[in-house]
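Sending over a structure as structure tokens; questions will come in a sec.
Values in this text are rule-based calculations from the coordinates and carry no lab data. Keep in mind it's a predicted model, so treat the numbers as computed, not measured. A quick note on method: Cβ atoms are made from the backbone with ideal geometry, for glycine too, and the neighbour counts reach across all protein chains shown.
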């Protein structure tokens, strides 16, 4: 083996993608000391996304004070790589910042807009915005307000909408936002296709995870419906059926309507950014992985996303995973030549955290043996 690319997702709850890359690279280097190994930790848009991009390319981490989910001052960050800013929504509106009691009806994405503003002021013309791990349900209205959008109630009073007050919006003025965004392109990392509202929408599917009870879910959903209507009337854009519009409390819809963002699966954003097809030239194998390979993976998660792209270049992909769903026949045809689960039985998370690194190292012995057998057969 002369060249190998390692590009895993994190193993949720146990190891970051950076840790996984380190273990896999170490094992490969021991068996193939002359192999060129390119390690690219992948991310899905949530916490850790900035660090993954910075590991993949030369860049800097920018720290600044912005408003948190309840307009408190917090220290936050984003990454700059050339003319591109990589921003995690969770860095300013993450669930870990929500405090107690958790209340998605009053949380705002205003701080996310401040991160974007700072990046633009520093000369960035491309914004990669990762959606994931948010505590908000404001449809991105807060972020838009930080960038110059204005929201008015029926009496023409300007206010900062949150998930609980989106229904009060009677008009939206983007005159202050549009000049700021001239020449700026937005790409949103979004790994779900849920719409803005309805049974599969932001409120019903995700708000309970953010602390909403049944009554609040109904309120939030009603407000998102009203929000979609006022966006259509005031901005001329229909987000009601937008795939991914419900991501991160409706931030997907807000980014699309206010920023002109393109919504893409997280792994495709990463692969485009690193020029994956160019890296695949003269590559013998790609090793990818994630914590659990299941039906959700087929929606464009890291392992399947990598497999599909590598398949077009006829480069075999091996997936090292924590566990795999039984009978996952649908994985055939996705460009993945072999799946290697680190554990085959249900294990309590506390125990898994203690043994996950050893399990990954052990299963890599199977991967290496498979590669060596394959190379013998090719010889």
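If R0 is 30 Å, what FRET efficiency do you get for residue 55 and residue 31 from their C-beta distance, rounded to 0.05? Intermediate results must be reported in sequence, preceding the final value.
On the way: r = 23 Å, r/R0 = 0.78.
Between residue 55 and residue 31 the formula returns 0.80.
A further question follows. Taking the Cα atoms only, what angle lies between the long axis of helix 302-311 and the longest principal axis of the chain, rounded to 10 degrees?
Here the helix axis deviates by roughly 60 degrees.
Between residue 262 and residue 237, what is 0.36 nm times their sequence separation minus the Cα-Cα distance? Round to one decimal in nm.
Taking residue 262 through residue 237 to full extension adds about 7.6 nm, to one decimal.
While we're looking at this one, here's another question. Relative to the present Cα-Cα distance, how much length would full extension add between residue 366 and residue 175 at 0.36 nm per residue of separation? Could you put the intermediate results ahead of the total?
Working: separation 191, 0.36 × 191 = 68.76 nm, distance 5.93 nm.
Length gained between residue 366 and residue 175: 62.8 nm.
Now a separate question. Based on DSSP, what percent of beta bridges with both residues in region 79-154 are antiparallel, to the nearest 5?
Values: 4 of 9 bridges.
Just about 45 percent of them are antiparallel.
Going by the alpha-carbon gyration tensor, a ≥ b ≥ c the square roots of its eigenvalues, is region 143-187 rounded (a/c under 1.5) or, if a/c is not under 1.5, prolate (a/b greater than b/c) versus oblate? Show your work: numbers first, answer last.
On the way: a/c = 3.18, a/b = 1.87, b/c = 1.70.
Prolate shape, in that a/c is at least 1.5 and a/b is the bigger ratio.
May I pose another question? Any chance you could give the angle, 0 to 90 degrees and rounded to 10, that helix 349-378 forms with the longest Cα principal axis of the chain?
The answer is roughly 50 degrees.
Hey, another quick one. Can you classify region 166-214 as rounded, prolate or oblate using the Cα gyration tensor, where a ≥ b ≥ c are the square roots of its eigenvalues, rounded means a/c under 1.5, and otherwise it's prolate if a/b beats b/c and oblate if not? Don't skip to the answer; put the middle values down first.
Numbers: a/c = 3.04, a/b = 1.60, b/c = 1.90.
Oblate shape, in that a/c is at least 1.5 and b/c is the bigger or equal ratio.
Given a Förster radius of 41 Å and the C-beta distance between residue 349 and residue 313 as r, what FRET efficiency does 1/(1 + (r/R0)^6) yield to the nearest 0.05? Walk me through the intermediate numbers first.
Numbers: r = 37 Å, r/R0 = 0.90.
After rounding to 0.05, the efficiency reads 0.65.
Moving to a separate point now. Which of 272, 103, 215 comes first, and how do the rest follow, when ranked by fewest Cβ neighbours within 10 Å?
Values: 272 14, 103 20, 215 8.
Sorted ascending by nearby Cβ count, the order is 215, 272, 103.
Between the helical axis of 110-121 and the dominant principal axis of the chain, each derived from Cα atoms, what acute angle in degrees is found, rounded to the nearest 10?
So the inclination is approximately 70 degrees.
For the residue pair residue 337 and residue 125, what label-to-label distance in nm results when each label sits 7 Å from Cα along the Cα-to-beta-carbon direction?
That separation, rounded to one decimal, is 4.1 nm.
To the nearest 0.05, what FRET efficiency results for residue 63 and residue 373 with a Förster distance of 56 Å applied to their C-beta separation?
On the way: r = 49 Å, r/R0 = 0.87.
Approximately 0.70, to the nearest 0.05.
Determine the gain in length on full extension of the stretch residue 215-residue 102; use 0.36 nm per residue of separation and subtract their C-alpha separation, reporting nm with one decimal. Please list the in-between numbers first.
On the way: separation 113, 0.36 × 113 = 40.68 nm, distance 1.48 nm.
Extra length from residue 215 to residue 102 when fully extended: 39.2 nm.
Turning to a different aspect of this structure: Helix-derived [θ] at 222 nm for the chain: sum -39500 (n - 2.57) over DSSP H runs of at least 4, divide by residue count, nearest 500? Working shown, then result.
On the way: 11 runs with 132 residues, N = 379.
Estimated from H runs of four or more residues: -11000 deg cm²/dmol.
Rounded to the nearest 5, what % of DSSP beta bridges with both residues in region 49-266 are antiparallel?
Values: 16 of 29 bridges.
Antiparallel bridges make up about 55 percent of those DSSP assigns within region 49-266.
Just the number, please: percent antiparallel of the DSSP beta bridges in the chain, rounded to the nearest 5. Numbers along the way, then the final one.
Working: 17 of 49 bridges.
So the antiparallel bridges amount to about 35 percent of the total.
Checking a compactness column here: for the chain, what do you get for Rg(Cα) / (2.2 N^0.38 Å), N being the number of residues?
On the way: Rg = 21.7 Å, N = 379, 2.2 N^0.38 = 21.0 Å.
Against the compact-globule rule of thumb, the ratio is 1.03.
Right, here's the next one. Please report the relative contact order for region 49-266, taking Cα pairs under 8 Å with a sequence separation of at least 6, and give it as a percent rounded to a whole number. Can you show the working numbers first?
Numbers: 553 pairs, mean separation 42.7, N = 218.
20 percent.
Once the Cα gyration tensor of region 49-266 is diagonalised, what are the square roots of 5 times its eigenvalues, in whole Å and ordered largest first, as equivalent ellipsoid semi-axes? If you can, show how the numbers build up before the last one.
On the way: eigenvalues 124, 71, 52 Å².
They are 25, 19, 16 Å, listed largest first.
Between rounded, prolate and oblate, where does region 70-164 land on the alpha carbon gyration tensor, with a ≥ b ≥ c its root eigenvalues, rounded for a/c under 1.5, else prolate if a/b exceeds b/c?
On the way: a/c = 2.41, a/b = 1.31, b/c = 1.83.
Judged from the Cα gyration tensor, region 70-164 comes out oblate (a/c at least 1.5, b/c at or above a/b).
Follow-up. Explain nothing, just the number: relative contact order of the chain, from Cα pairs under 8 Å at least 6 residues apart, as a whole percent. Please list the in-between numbers first.
Values: 889 pairs, mean separation 62.3, N = 379.
The normalised contact order for the chain reaches 16 percent.
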